[in-house]
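In what follows, a structure is listed as structure tokens, so that the remarks can point back to it.
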Amino acid sequence: MAVFSSLFSVPSGPAYFDSAASSLTCKAALEAMASYYSQDRANVHRGAHRYTRQASERYEAVYGKLASFFNATDQEFAAVRNSTEALNAVALGLDWKSGDEVVVTDVEHHSNLLPWLRLQKQGVKIRVLAADGQGRFQADDLSELLSRKTRLVSFTACSNVLGASVPVVDLAKAAQDAGALVCVDAAQYVGHHAVDLKKWPVDFLAFSGHKCFGPTGIGALFHREGSGLQPWFVGGGTVRDVTLKDYQLLEHREQFEAGTPAIAEWIGLGAALDVVSKIGCAAIEEHDRGLAEKMLSILQETDDVQVFGPTSAAEKSCALFAFSVKNVPHHQAAVMLDELGFAVRSGHHCAIPLTRKLAVEGTVRASLHAYNNEKQVEAFGNALEQVAQLA
Ligand SMILES: Cc1ncc(COP(=O)(O)O)c(C=O)c1O
């Protein structure tokens, strides 16, 4: 198994098994941000002095990186704080009519559920596509929910609880065939897999930099040209002309950039995407698969452990596992695992409807990434045995 950990800032304490909440940061992102702050510190797109020109150049270059990373154009991205903001931006930036319908799934993170539920106040109806017991979806089930009223279908590319592979293209095609817009929450997908937006028939895609080796406080929204998305914020940096009565927005992506952006973080995100490309998504997938196989067999072989989601590693989208240990509350199990050397998440993982469907109060979640290795997984098996002995 290839070792990529030297590219990351890895803490010296417990092994980091909480990448689905936030990945570790790559050193290149930290260096890019530090060099912006120490050498090019100025606002962007404002003024003419050399520092603002240098900062603007570095800032603009990130749009180009996004365009080549996702095979789209640089006009089709907007800088946002995170996936949550990107998904809200879509909900706030479309012109809804009473009677419109939005389809979501029953495995969504709250960030891909609440923005749509809120639209109910405007007369929008929410319909729900149910996953099977292991988190799988069928495009035919989606087709049954679609009608001429369906305005948008929004679904995750990978559940942050089940980690199951999602047939993104099949679902998106079914939705588009019915005339609906398609929005993909790729928070758990980007950084693990390549995304080719010329091949994915989707109109919107949201992701967070902090889950793909980048800094916190930055992410991006892809909005396909012609999607009809309107800016969700307006203000400085977005206008061609303003009077005291009205304003005229800039035409291209600048209209989506109200106010001073998160310049350092955006530059850091660009560096993080370069690291994903340098490792290569195929290599990350192979690494994830190796970890997933090992982790799944450990979880399945440990007495009194129940695993949620796919029972085979081949059906996992990444090395992400939610489980419970009989008679051991999830937070207690997480604290014990921390003491035994593993940082795992516990709780409902911002997916209360799914947690309810699984008929549990919460779960423990171990989520691994490129900087983890098989040795850590083996040691985790021993730690888990000790927790299970409390059962
Ligand atoms: C599937 C999914 N969607 C959306 C989000 C929200 O991401 P953020 O907190 O970066 O906005 C998360 C975060 O865990 C997630 O796992």
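Points worth noting:
- Residue match in region 101-109 (condition: out of contact with any helix residue (DSSP H, G or I) (no Cβ under 8 Å at 6 or more places or on another chain), in contact (Cβ under 8 Å) with a residue 40 or more places away in the chain and surrounded by fewer than 21 Cβ atoms within 10 Å (Cβ to Cβ)): yes
- For region 145-200, filtering for residues that are more than 16 Å from the ligand (Cβ to nearest atom) and either closer than 26 Å to SER312 by Cα or not in a strand (DSSP E or B) (or both) leaves 23.
- Filter result for SER83 (out of contact with any Gly (no Cβ under 8 Å at 6 or more places or on another chain) and either within 16 Å of the ligand (Cβ to nearest atom) or not β-branched (Val, Ile, Thr) (or both)): no
- Looking only at region 344-378, and only at residues there that are within 14 Å of the ligand (Cβ to nearest atom) and at positive phi, the one that is surrounded by the most Cβ atoms within 10 Å (Cβ to Cβ): HIS349
- Pick from region 211-260, criterion part of a loop (DSSP other than H, G, I, E, B) and free of Cβ contacts under 8 Å to residues at least 24 places away in the same chain, ranking: nearest to the ligand (Cβ to nearest atom): THR238
- Selection within region 289-307 - among the hydrophobic types (A, V, I, L, M, F, W, C) and over 20 Å from SER317 (Cβ atoms): VAL305
- Number of positions in region 106-129 that are among the polar types (S, T, N, Q) and away from the ligand (no atom under 11 Å from the Cβ): 2
- Residue check, HIS49 in contact with a Cys (Cβ under 8 Å, 6 or more places away or on another chain) and either on the phi < 0 side of the Ramachandran plot or surrounded by 21 or more Cβ atoms within 10 Å (Cβ to Cβ) (or both): no
- Residues that are out of contact with any helix residue (DSSP H, G or I) (no Cβ under 7 Å at 6 or more places or on another chain) and within 10 Å of the ligand (Cβ to nearest atom), drawn from region 201-210: HIS210
- Restricting VAL364, VAL377 to those that are in a strand (DSSP E or B) and within 27 Å of CYS26 (Cβ to Cβ) reduces the list to VAL364.
- Criterion violated by GLY133 - all others in (1) exposed (fewer than 15 other Cβ atoms within 10 Å of the Cβ); (2) more than 16 Å from the ligand (Cβ to nearest atom); (3) at pLDDT 95 or above satisfied: (3)
The values are calculated or read from the model by the stated rules, or taken from the named source; none is laboratory data. This structure is a prediction, so every number in the text was calculated from the model and none was measured. Every residue, glycine among them, receives a Cβ derived from its backbone with ideal geometry; neighbour counts consider all protein chains shown.
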